[in-house]
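To start, the structure itself, in structure tokens.
The values are calculated or read from the model by the stated rules, or taken from the named source; none is laboratory data. Note that the structure is predicted; figures quoted are calculated from it, not measured. Here the Cβ positions follow ideal geometry from the backbone for every residue, glycine too, while neighbour counts run over all protein chains shown. We work out accessible area using only protein heavy atoms, side chains counted, and drop any ligands, DNA or RNA first. Shrake-Rupley method; radii C 1.70, N 1.55, O 1.52, S 1.80 Å.
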Amino acid sequence: NDKTMPFADLPTTTLLFFEDEAASAARIATAAGMTLARIERHRFPDGETKLRLPDALPERVVILRTLNNPNDKLVELLLAARTARTLGARHLTLVAPYLAYMRQDIAFHPGEAISQRIVGQFLAGLFDAVITVDPHLHRVATLFEAIPLADAAQAVVLSGAPLLSDLVAARRQAPMLVGPDEESAQWVSPAAQRHALDHAVCRKVRSGDRLVDVALPDVAFKGRQVVLMDDMVSTGHTVAQ
């Protein structure tokens, strides 16, 4: 019954999910008191996708789709959201535990597509509310700036930092939390504060997708139980460094 959730206290809400996220959907529906309904999906040999939703929907509908490997999934969201509107949905919420295309928030070189802005506007045109977990926001301060919904309060960011902090504190003795770059401070700092843990962040110098140098902070690591924390891992190269 978290008041920040757009679907709180609405037992008639339906949660639409795809088969590959059935387990997550079941947990979310149980916790939020929602009805589950699967979106049937068929892929044609040429790569096109056909979806089938329930033939009638309540006014409030939630679609679960975590957006790793996002290109096909964004087309699925377009088809699912537009179809849900025709089947009775009046308020659509996207629950995307991982939100894609948040890295490119400016044009670093002339001619580059600013994908955060483009995909954000695309999602804002489909949904009334978006809920995500620790989105990769760097040069924008809020999710609403990336996804300009009609109501800024419906752009909801949840954080895994408190739960991760509890897990680390339970399993490590006097641990030190370390983030791989300056951007990670926004997750490492609150996680550390929760249990008064030592923390620091590295400095990252990237010269390509897989070419990264990491400068460690000037702190004593000897004998410490170090836990690396970041919001996302693409290739794992930075964390390995």
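Per this entry, Ala124 is counted among residues that are over 24 Å from Ala191 (Cα atoms), small (Gly, Ala, Ser), open to solvent by 20 Å² or more (accessible area, probe 1.4 Å) and in contact (Cβ under 8 Å) with a residue 24 or more places away in the chain.
Could you please find all residues in the stretch 107-121 being β-branched (Val, Ile, Thr) and either in a helix (DSSP H, G or I) or exposed (fewer than 12 other Cβ atoms within 10 Å of the Cβ) (or both)? Give the derivation first.
First, the residues of the stretch 107-121 that are β-branched (Val, Ile, Thr): 114, 118-119.
Those that are β-branched (Val, Ile, Thr) and either in a helix (DSSP H, G or I) or exposed (fewer than 12 other Cβ atoms within 10 Å of the Cβ) (or both): Ile118, Val119.
Elements of the type strands (runs of 3 or more DSSP E) sitting completely within the stretch 133-237 and holding at least 1 residues that are at pLDDT 85 or above and closer than 21 Å to Leu67 by Cβ: these cover 155-158. Only a single item in (1) closer than 25 Å to Ala100 by Cβ; (2) open to solvent by 90 Å² or more (accessible area, probe 1.4 Å) is not met by Arg194, and it is number (1).
In the stretch 171-185, the count of residues that are open to solvent by 50 Å² or more (accessible area, probe 1.4 Å), within 19 Å of the chain's Cα centre (by Cα), of a type outside the set (Gly, Ala, Ser) and closer than 22 Å to Gln104 by Cβ is one or more.
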